[in-house]
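These notes are about the structure you will find just below.
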Amino acid sequence: MSTAPAGVNLAALLDRADGFARAGDPKAAMSFYQSALQLARSSAHFDARTADRLRAAQQFIQQRAAEFQQGLGAAVAGSAPADGQARTRLSHSLDMLEGSRTIYPQQPLVFHYPYLAQRQFFEREEFDWVPEIEAATPAIREELLALLEDGADFRPYVEDEPNRPQRPFHHLNNDPSWSALYLWRDSLLVPEIAERCPRTIEALGKVPLSNIGRRTPSALFSRLEPGAHIPPHNGMLNCRLICHLPLIVPAGCWLRVGNETREWEEAKMLIFDDSIEHEARNPTGELRIILLFDVWRPEITEPERQAISAIFDAIDNFQTLPEA
């Protein structure tokens with residue numbers, strides 16, 4: 001079977017598109033123009049007339065796309081919700097429909113708990129415990145500064161384990177540019193740090209910290225050196241939320257979760273689902289330190305929490321069967 005030359009096919013697509021444009025069917029015209037432009041990418045050379053037609057096709061698509069976006073905005077202008085979260089959902093849905101905002105799903109590395117809402121950030125106002133821990137920020141910061149003055153031993157957040165293969169976590173394995181000082185680690189209080197931070201421990205005692213097997217509670221001071229970048233990655237679980245209480249935060253430091261980026265502000269919590277791709281950067285010449293801890297997702301019931309914790313107990317208690 002013979003194949004028509006690419007130029008003939010391209011001209012045919014452009015002719016069809018022009019015909020629909022003249023007939024007042026811009027949607028059909030855009031479809032054929034887009035097909036023509038896609039085909040044109042596989043060809044290196046065009047005659048002058050074809051090149052002009054392709055430029056006109058691109059302009060037609062851009063103009064119609066702008067009109068479409070304006071039409072979408074006008075369609076919802078009279079029904080914008082008063083609730084801030086609802087407005088964000090509606091606005092982001094239009095961005096995704098237009099292709100200007102990417103959809104990022106939950107993709108936990110270890111354990112996926114199904115049918116939870118796909119939310120990147122949760123708002124501070126949704127949690128009744130937030131005002132109290134935010135009010136404790138000056139006391140927590142004072143204890144942190146005392147630790148820094150005494151040369152507290154921050155360790156790289158990603159450390160290799162001697163009895164496990166090296167984790168391919170970008171370039172951050174054993175890298176001190178992102179480091180941690182733990183108050184709780186692997187569900188256990190770290191006494192030598194906790195006794196230096198009684199007001200921090202007291203404040204965290206009023207937070208519904210997650211309790212997942214021997215993995216959590218987990219609470220730490222997270223330190224990001226000047227210029228440091230934490231590359232895009234996903235967390236282990238989607239049944240908990242990560243909480244950041246900013247303590248030392250020069251202006252311009254940011255956290256991206258999915259398709260939304262926010263800057264840390266001192267004493268204002270950021271709460272997010274870390275099973276969605278996220279990254280962070282300290283583009284400044286100063287140190288950034290937050291208090292990091294995790295809580296259960298609020299929609300997970302107490303029986304579910306107990307079951308999830310039991311699952312991780314079983315995982316952590318697993319031992320290789322002896323050889324027969």
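Computed from the coordinates by the stated procedures, all read-outs in this text should not be read as laboratory data. Treat the numbers as computed from the prediction; the structure is a model and nothing was measured. Positions of Cβ are generated from backbone atoms using ideal geometry, with glycine treated the same way; all protein chains shown enter the neighbour counts.
Miscellaneous remarks
- Just so you know, the Rg over Rh for the stretch 136-295 is 0.93, from Cα atoms, with Rh as the Kirkwood radius.
- Cβ crowding within 10 Å averaged over residues, with 90-96, 273-279, 138-144, 311-317 ranked highest first: 273-279, 138-144, 90-96, 311-317
- Potential lengthening between residue 12 and residue 51 on full extension [0.36 nm per residue; Cα-Cα distance subtracted]: 12.6 nm
- Calculated SAXS-style log₁₀ I(q)/I(0) at q = 0.09, 0.17, 0.23 Å⁻¹ - the stretch 28-149, Debye, Cα scatterers: -0.58, -1.06, -1.25
- Net length gained if the chain between residue 152 and residue 254 were fully extended (0.36 nm per residue, minus Cα distance): 34.2 nm
- Farthest toward the positive end of the dipole of the chain, out of 158, 244, 275, is the Cα of 275, where the dipole comes from beta carbon charges about the Cα centre.
- Phi angles across the stretch 89-104 convert, under the Karplus curve 6.51 cos²θ - 1.76 cosθ + 1.60 with θ = phi - 60°, into 3J(HN,Hα) values of 4, 5, 4, 5, 5, 5, 4, 5, 4, 7, x, 8, 9, 7, 8, 10 Hz, Gly and Pro given as x.
- Peptides ranked, highest mean first, by Cβ atoms within 10 Å: ranges 206-215, 15-24: 206-215, 15-24
- Assigned charges on the beta-carbon of Lys, Arg, Asp, Glu; the stretch 121-315 dipole about Cα centre (debye): 320
- Integer Hz, Karplus 6.51/-1.76/1.60 couplings in order for the stretch 247-264, x for Gly and Pro: 10, 10, 9, x, 4, x, 6, 9, 10, 9, 10, x, 9, 10, 10, 10, 9, 6
- Measuring between their Cα centroids, the stretch 57-128 and the stretch 255-300 lie 20 Å from each other.
- Shown is the FRET efficiency for residue 135 and residue 195, computed with R0 = 30 Å from the Cβ-Cβ distance and rounded to the nearest 0.05: 0.85.
- For a label point 7 Å along the Cα-to-beta-carbon line of residue 65, residues of the stretch 81-103 with backbone N under 15 Å: 95-102
- Here the gap between residue 128 and residue 261, fully extended at 0.36 nm per residue and compared with their Cα-Cα distance, gives a gain of 45.5 nm.
- Each principal axis of the Cα cloud of the chain was evaluated for its coordinate range; sorted largest first, these ranges are 78, 63, 45 Å.
- Per-peptide packing, taken as the mean over residues of other Cβ atoms within 10 Å, places 288-294, 83-89 in the sequence 288-294, 83-89 from highest down.
- For the chain, the mean residue ellipticity at 222 nm estimated from helices alone is -12000 deg cm²/dmol, where every DSSP H run of n ≥ 4 contributes -39500 (n - 2.57) and the total is divided by all residues, rounded to the nearest 500.
- Relative contact order, whole percent, for the stretch 121-315 stands at 24, derived from Cα pairs under 8 Å and 6 or more residues apart.
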